[in-house]
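Notes follow the structure.
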Amino acid sequence: MKYVIIGGDAAGMSAAMQIVRNDEEADVTTLEMGDTYSYAQCGLPYAISGTIPDMDKLIARPVEVFREKYGIDARIYHKVTKVDPETKTVYGIALKTNEALQITYDRLLIATGARPIVPNWNGTELKGVHTLKTINDAKEIVESAKEAKRVTVIGGGYIGLEMAETFHDLGKEVRIIQRGSQLANTFDPDMASHILDEAERNGIAVHLEETVTSLNGSNFVESVETDKNTYETDLVLIAIGVMPNTDFIDHTDMHKGVKNTILVNRYMETSIKDIYAAGDCATQYNRLKKRDEFVPLGTHANKQGRIAGLNMIGKTRIFQGIVGTAILKFCTLALGRTGLTEHEAKVLNIPYETTSLKATDIAGYYPGKERLYVKLLYHTNTKQVLGGQFIGKDGVAKRTDVLATALYHGMTIHELEDLDLSYAPPFNSVWDPIQQGARRSK
Ligand SMILES: Cc1cc2nc3c(=O)[nH]c(=O)nc-3n(C[C@H](O)[C@H](O)[C@H](O)COP(=O)(O)OP(=O)(O)OC[C@H]3O[C@@H](n4cnc5c(N)ncnc54)[C@H](O)[C@@H]3O)c2cc1C
C-alpha cells in the first residue's frame, strides 16, 4: 500500500510513525515544503528567550532518522500545489530544483497545518516585522532582537503573551496591542483581568480595544500606527491568529469546515475516499459543544495524526474529541482553562452558574503557598460541569487537568467533591481548590 503524507510535523509524522510501526510492507512518502521535520513550535518562545539554549533541541527527530531508521521517503523542500482525487495523484514542485513533482497514492493524509495571519497593512514587508511559526522565524527574531530596544506585540492571545514575556525577559520595552477588550479571549473577562495585572506588574504596556492600521518605516520598521495612536518601535511581532493551509485543495469537492479547515469525521476521513486530514488544517470535534471547531493546538495535532495513521492502515480508531483544554505561561503566572467560558455557554444557550474563589495552591499554613484564582462553570439544571479556569503561580496545570478529565466524563459539580484527590500540606489543601469551588455550588 502506498501512503503519501503532506506535511512533516506533528500530525503528519505522528501518522507516518503509526503506519511504519504497524505495517512492515508500507511504502510511505512524506512531502514537506520546509527544511525541518518534527519540531516543537511550542518551544520556540523559550528558545528565543534563551531558556532553551539550543534551538536544535526542539527537533524531535531529524529527517535522516525518518529516512534511515524508519525507511520513510521523507522529502524536504517539496511543496504540494494540487491533489487530483480522480487519478489519486499529488502534484507539486521541488523548491530547490524547480522540478515538477507528481506522485500517486493509495491513501493520502493532508497534514499541512496552519500559517500566521498577516493582514493587509502597509509595512508588513519591513525589516524587523515578524511572525512566529518555524525555527527559521525564531532565528530571524533572535537576530532582530539584538538591536531592538522597543518591541510591539500585535495580538494578546497565547503566542502574543508568551512572546511578550520572552521579549520582557530579553530586557526589551514591550507593548501589546490588542483589538479586543481583554487579553487571552479564551478566558472570561474577570479571570483575564489577572493577566492584565500581571502585565502591569512586569512593566509590559497593554493597549486594549486598539486596532493596528499600518506599520511605518523606510527599510526597518520604525512605528506602529493604530486607530488611536502611533508608537515608536524597533521590532514588531504579528500574532493575531493562524489560518489553515488548505488552498491547494480548493479546486476539489472536498468539504470544508469552520474557518476554511478540512472537514473530517472522527476517523479523520475527509469527504473524499482514501483522503484523510489531521492537525491544524482539519476540524476538531468538541465533545462538550457536540460540534466541529478549529482549535489549532499541538496536543490535538499529535492525537489526530496518530489516529489518522491507524485508520489509514485499517486499525479503526476514533478521535474522542476535545474539551477545550489549554495552558500557557505568562511571566510568573500559569493560565489554564478547559471547557466552556461564560461567553461560549451563552452562545450555545446553555443555562449555567459559576462559582469563583481565591484559593491557595497548597495548604494555607504551609510556607511558599501561592494564590490560585479558580472559576468553575456548571449547568444550572443538570449540574454537569461545563468548564473551569485557573490562574496562579503554581498548581494550575494540575487543576486544569483534573477538571478536563471530569469534563471528558461528563461529571456533575457535586461529583467533583467526591473525587479522591491527593493531599498533604506541601502539595494541596485538604479540600482541593476545585472541591472548594464545587462545595460553594448550588
Ligand atoms: C510559537 C508557538 C507556540 C505554540 N505553543 C503551543 C503549546 O504550548 N501547546 C499546544 O498544544 N500547541 C502549541 N502551538 C501549536 C502547535 O505547534 C501546532 O498546533 C502544531 O504544530 C500543529 O501541527 P500540524 O502538524 O497540524 O501542523 P504544522 O506544525 O503547521 O505542520 C504542517 C507542516 O506542513 C507543511 N506544509 C504546509 N503546506 C504544505 C504544502 N502545500 N506542501 C508541503 N508541505 C506543506 C508545513 O511546512 C509544516 O511543516 C504553538 C505554535 C506556535 C507557532
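Each reported figure results from applying straightforward, stated rules to the coordinates on display, with no laboratory input. No experiment lies behind these values; they were computed from the predicted model shown. Here the Cβ positions follow ideal geometry from the backbone for every residue, glycine too, while neighbour counts run over all protein chains shown.
Structural remarks
- Orientation-averaged projected area, Cα convex hull of region 355-442 (nm²): 5.0
- Cα→Cβ-extended label distance, 7 Å offset, between residue 2 and residue 423, nm: 6.3
- A DSSP coil position with no more than 14 other Cβ atoms inside 10 Å describes the following trypsin sites (Lys or Arg not before Pro) in region 113-151: 149.
- Region 274-296-region 12-60 distance, computed between alpha-carbon centres (Å): 21
- Translational D in µm²/s for region 322-386 (Stokes-Einstein at 37 °C, 0.692 mPa s, Kirkwood Rh from C-alpha pairs): 241
- Backbone HN-Hα couplings from phi across region 172-182 [Karplus 6.51/-1.76/1.60, Hz, Gly and Pro as x]: 8, 8, 10, 10, 10, 10, 10, 5, x, 8, 8
- The 3J(HN,Hα) values that the Karplus relation (6.51, -1.76, 1.60; θ = phi - 60°) gives for region 327-333 are, in residue order, 8, 8, 9, 9, 6, 8, 9 Hz. Gly and Pro appear as x.
- Reduced Cα scattering model of region 101-159, Debye log10 I(q)/I(0), q = 0.19, 0.22 Å⁻¹: -0.85, -1.05
- Relative contact order (%) - criterion: Cα under 8 Å, at least six apart; region: the chain: 13
- Listed residue pairs exceeding 30 Å between alpha carbons, taken from 2/303; 273/398; 149/303; 139/315; 259/303: 273/398; 149/303; 139/315
- Quotient of C-alpha Rg and 2.2 N^0.38 Å, computed over the chain: 1.03
- If both residues of a DSSP beta bridge must be in the chain, then about 65% of such bridges are antiparallel.
- Tail fraction, Cα-Cα pairs, region 396-437, threshold 11 Å, whole percent: 64
- Per residue, the convex hull around the alpha carbon atoms of region 168-285 comes to 174 Å³.
- Efficiency of FRET between residue 366 and residue 91 - r from beta-carbon atoms, R0 60 angstrom, step 0.05: 0.45
- One compactness figure for region 1-133 is 1.18, namely its Cα radius of gyration divided by 2.2 N^0.38 Å.
- Bridging of residue 228 to aspartates and glutamates at a Cα separation below 16 Å is possible for 209, 210, once same-chain residues fewer than 8 apart are set aside.
- At an R0 of 45 angstrom, the distance between the Cβ atoms of residue 209 and residue 27 translates into a FRET efficiency of 0.25.
- Placed amide H near residue 256: partners under 5 Å, 5+ positions off or other chain: 263
- Of the trypsin sites (Lys or Arg not before Pro) in region 218-294, those whose Cβ has at most 13 other Cβ within 10 Å and which sit in DSSP loop: 228, 273, 290
- For region 76-156, GluC sites (Glu not before Pro) meeting the loop criterion (DSSP other than H, G, I, E, B) and having at most 11 other Cβ atoms within 10 Å: 86, 125.
- Distance in nm between pseudo-label sites at residue 99 and residue 122 (7 Å out along the Cβ direction from Cα): 4.6
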